[in-house]
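To start, the structure itself, in structure tokens.
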Amino acid sequence: MNVTRGFSGRPRVHNPGLPPGQYDARDDWPVLSAEVTPDLAPADWSFRIDGLVEHPHTWDWDASHALPAAAYEGDIHCVTGWSKFGVRFGGVSLDAFFSVVRPLASATHAVARSHTGYTANLPLSDLTGGRAWIVWEYGGAPLPPEHGGPARLVVPHLYFWKSAKWIAGLTLLDHDEPGFWERNGYHARGNPWQEQRYSGD
Ligand SMILES: Nc1nc2c(c(=O)[nH]1)N[C@H]1C(S)=C(S)[C@@H](COP(=O)(O)O)O[C@H]1N2
Ligand SMILES: [Mo]
């Protein structure tokens, strides 16, 4: 911990776990949605990976739950400034889905699509190696609809706008193609530790 004295003389604690410019939202979990929360039942949810893969595939709720369970326990960082420490999401690692579809060597990027039409682009390398999940549980309970339930993408090492709620699929590409926020001035990658908030950062 790095303690500096502010104007008030009260010690201000810089938490080294916080990326630059972020604050700890503690028990708050703000809802940030460009859309109205869809009425999406687990039975109507599906997840598809297509584009530059050997075997495009669609999983329904039961098929995705038959894959090996995995969890993310750690921090999340929203570009609007809040971070949360020690959240726990339960679901399946994207690696388990990729091992079924087998990305082609030419695949370098992905566009994540939501059932609502929201999109976010990501380098494929940010989605592999145990760093990205499809999740349906938060803190051991079903993921609430306003937070992307029944299921969302979680890519916690990037700003949270990349973690598409109500995830519908990934399309693998051989080039980068901006998603919803990226077309509106946000950064193509969005690494919070490098403060990649806006294009040009
Ligand atoms: N479908 C969809 N996914 C989305 C968004 C959105 O508007 N629609 N907002 C993104 C942004 S900007 C953030 S910070 C997080 C917010 O997730 P939360 O509402 O669960 O906090 O979801 C991301 N995923
Ligand atoms: Mo965000």
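Just a few scattered comments:
- Residue order, fewest to most beta carbons within 10 Å, for 85, 180: 85, 180
- Shape box of the chain [Cα atoms, principal axes, largest first, Å]: 61, 37, 31
- Among 160-173, 66-79, 89-102, 36-49, the order from most to least packed when residues are scored by Cβ within 10 Å on average: 160-173, 89-102, 66-79, 36-49
- Zone of residue 137's modelled label, taken as backbone nitrogen in region 83-123 under 14 Å from a point 7 Å along Cα→Cβ: 88-93
- Residues in region 124-150 that a label on residue 63 would reach, taking backbone N under 20 Å of a point 7 Å out along Cα→Cβ: 133-136, 150
- Region 1-155 - percent relative contact order, Cα under 8 Å, separation 6 or more: 21 percent
- You can think of it this way: the chain between residue 183 and residue 34 has 52.3 nm of extra reach, that is 0.36 nm per residue less the Cα-Cα gap.
- Ranked by the mean number of other Cβ atoms within 10 Å of their residues, highest first, the peptides 185-194, 144-153 fall in the order 144-153, 185-194.
No value in this document is a laboratory result; all are computed from the given coordinates. Given the structure is predicted, the values throughout are model-derived calculations rather than measurements. Neighbour counts run over all protein chains shown; Cβ positions are idealised from the backbone, glycine included.
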